[in-house]
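None of the figures in this text is laboratory data; all of them are computed from the coordinates on show. Since we're looking at a predicted model, the values are computed, not measured. Here the Cβ positions follow ideal geometry from the backbone for every residue, glycine too, while neighbour counts run over all protein chains shown.
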Amino acid sequence: MKPSAQKVQDVLHAQGFTNQVVELPDSTRTAAEAATAAGCTIGQIAKSLIFAGKRSGQAILVIASGSNRVDEKQLTALVGEKVTRPDAEFVRSQTGFVIGGVPPVGHVRPLRTFIDADLLDFAEIWAAAGHPNAVFRLTPDELVQMTGGEVVALKVTPTG
């Protein structure tokens, strides 16, 4: 197992979870790739997105359903400041992982975390496990427990 994926596995076990990290032959870098590789719907992919507070520079983790786009105006209202999408170096420095492999746990520092309420509609979901080819299966309840994240409605809703 790749060292970054092993780190996620170790964190899961240290937290008392029995979820198993699996490395897949195909990329899981995007939600569509992850869904194909895991054999699930795009909505069941718990994609980890890093935002940064524009004023504070604080990293914010949003775990969104793979089929949803995050409404940055709603996120701004939740965190109390405008947010930006940081570059890859910021993501790596704040999480310890590369974009496309950022897991919901095991970051180098604690992150304020928001969980897309739509993920709770599924019996099981899949999350990145530290590497663009590694994932693990979990339940929405486990996601909330392991991250301490706040469940919120964050998807962009169609207008018109």
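For a footprinting-style exposure proxy, rank ILE63, ILE42, ILE50 by other Cβ within 10 Å, fewest first.
Details: ILE63 26, ILE42 17, ILE50 21.
Going from least to most buried by this count: ILE42, ILE50, ILE63.
Fewest first, what order do HIS131, HIS13, HIS107 take by the number of other Cβ atoms within 10 Å?
Working: HIS131 25, HIS13 13, HIS107 20.
Going from least to most buried by this count: HIS13, HIS107, HIS131.
Net charge near VAL152, counting Lys/Arg +1 and Asp/Glu -1 over other residues with Cβ under 11 Å of its Cβ?
Values: positive: LYS155; negative: ASP71, ASP116, ASP118, GLU150.
Spelling it out: positives minus negatives among the neighbours equals -3.
Can you give the local net charge around VAL70? Use residues other than it whose beta-carbon is closer than 9 angstrom to its beta-carbon, Lys and Arg +1, Asp and Glu -1. Walk me through the numbers before you get to the answer.
Details: positive: ARG69, LYS155; negative: ASP71, GLU72, ASP116.
So the environment of VAL70 carries a net charge of -1.
Report the equivalent ellipsoid semi-axes for the chain in whole Å, largest first, defined as the square roots of five times the eigenvalues of the gyration tensor built from alpha carbon atoms. Write out the running numbers ahead of the final one.
Values: eigenvalues 104, 66, 42 Å².
Its equivalent ellipsoid spans semi-axes of 23, 18, 15 Å.
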